Amino acid sequence: MPKLLDDAAIARYRAEGYATPLRAVEAAQAERWRADLVRCCGQAERAVSEAGIRQPSNRIKPYLLFPWAAELVRTSAILDAVEDVIGPDILIFHTTIWWKAANSAGFVPWHQDGTYFGLAPFEHVTAWLALTPSNEESGCVRVLPGSQARGQVPHADEKNPANMLSRGQTAQAAVDDAKAVPMLLAPGEFSLHHTLALHSSTPNRSAEDRIGIGISYIPASVRHVGPTRLSATLVRGVDRCGHFDLEPRPAAEADAAARATHADSINRFWVASEGIPEMKLVH
Ligand SMILES: O=C(O)CCC(=O)C(=O)O
């Protein structure tokens, strides 16, 4: 019995690689999280992403630093939908805050998340939660239906200062832009996309920043293929596999223990990234 998606939505996710739009929380809660996010993650170490430079670290895995973010990634409606597609034992492998400033040039080229994570098998799903309106004007995520069935396609680094992926990773595959589906989301809504689904986004031409969080959930059975032992957060069910060291939830906002956990987790991730060419300088 599915928890949030119906059978048709699950069948569509399997066939087309995505599900959208889904309601996570009411708009008022999304606005509280947006304000928390601006307060805690607003001071970027760099204002605009540049190919070849990593994301500001407090915009990566913020759920290890901030109790509000730890609550966000455990939103029951999101976990229910994730459980419907990957099963009941769920870990968070990664999370990125996607912040596109108002009227800015930043874009995300066509890519597959699975290229960079070094996870096997390809069962990871990204939940993308909108904290501001995400539409065609503000540069919402667009997905190519059915593209996950192509399997892993080659990617190449295409340097462009406006490319929001850290080294400009771009799928070297034919993409018919006319077939792209914009995943339109109101604040508090989320989409799911499969780790092999080709997706991209265009610049934000609206007068408001477009802010969303991409949360990478994996079943506990998925493992990382590199030699570095990584950490992950158990958010539902039981970890019977032990492929990752389990991360603690932050007790207080960016306290010493939370900062140490966050630094350790990201350091291990970056060490692993250096060892897997496709993961180097991941987004
Ligand atoms: O937020 C965007 O524009 C891109 C998001 C993305 O690539 C992802 O969540 O995997």
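The values are calculated or read from the model by the stated rules, or taken from the named source; none is laboratory data. Note that the structure is a prediction, hence the values are computed from the model and not measured. Note: ideal-geometry Cβ built from the backbone for every residue, glycine included; neighbour counts use all protein chains shown.
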| said: What's the total number of residues in the stretch 100-114 that are closer than 14 Å to Ala162 by Cβ and either within 10 Å of the ligand (Cβ to nearest atom) or in a strand (DSSP E or B) (or both)? | reply: 5
| request: Mind listing just one residue for me: the one in the stretch 163-179 that is of a type in the set (A, V, I, L, M, F, W, C) and under 19 Å from the mean Cα position of the chain (by Cα) and, of those, farthest from the ligand (Cβ to nearest atom)? | output: Ala171
| said: Which residue is nearest to Ala120 (Cα to Cα), if the candidates are limited to the stretch 226-264 and must be of a type in the set (Lys, Arg) and in a loop (DSSP other than H, G, I, E, B)? | reply: Arg229
| Among the residues of the stretch 123-145, is any under 16 Å from Phe93 (Cβ atoms), modelled with pLDDT of 95 or more and away from the ligand (no atom under 11 Å from the Cβ)? | yes
| task | Kindly list, by first and then second residue, each pair from a residue in the stretch 113-128 that is under 21 Å from Val271 (Cα atoms) and acidic (Asp, Glu) to a residue that is at pLDDT 90 or above and in a loop (DSSP other than H, G, I, E, B), limited to pairs with Cβ atoms under 9 Å and residues at least 6 apart or on different chains. | result | Asp113/His124; Asp113/Thr195; Asp113/Leu196; Asp113/Ala197
| request: Collect the residues in the stretch 195-222 that are of a type outside the set (S, T, N, Q) and within 11 Å of the ligand (Cβ to nearest atom), keeping them in residue-number order. | output: Ala197, Leu198, His199, Pro203, Arg210, Ile211, Gly212, Ile213, Gly214, Ile215
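Could you tell me whether the stretch 265-281 includes any residue that is among the acidic types (Asp, Glu), within 22 Å of Pro67 (Cα to Cα) and assigned to a helix (DSSP H, G or I)?
no
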| Tally of residues being among the small types (Gly, Ala, Ser) and over 27 Å from Gln43 (Cβ atoms) across the stretch 62-96 | 4
| message | part of a strand (DSSP E or B), more than 13 Å from the ligand (Cβ to nearest atom) and surrounded by fewer than 24 Cβ atoms within 10 Å (Cβ to Cβ): which single residue out of Ala156, Ala149 fits that description? | response | Ala156
| message | Just to be sure before I move on: is Ala174 surrounded by fewer than 17 Cβ atoms within 10 Å (Cβ to Cβ), of a type outside the set (S, T, N, Q) and in a strand (DSSP E or B) in the structure I sent? | response | no
| said: On the basis of being in contact with a helix residue (DSSP H, G or I) (Cβ under 8 Å, 6 or more places away or on another chain) and more than 15 Å from the ligand (Cβ to nearest atom), does Ala186 make the cut? | reply: yes
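Looking only at the stretch 83-99, which residues are out of contact with any Ser or Thr (no Cβ under 7 Å at 6 or more places or on another chain) and within 15 Å of the ligand (Cβ to nearest atom)?
Within the stretch 83-99, Thr96, Ile97, Trp98, Trp99 qualify.
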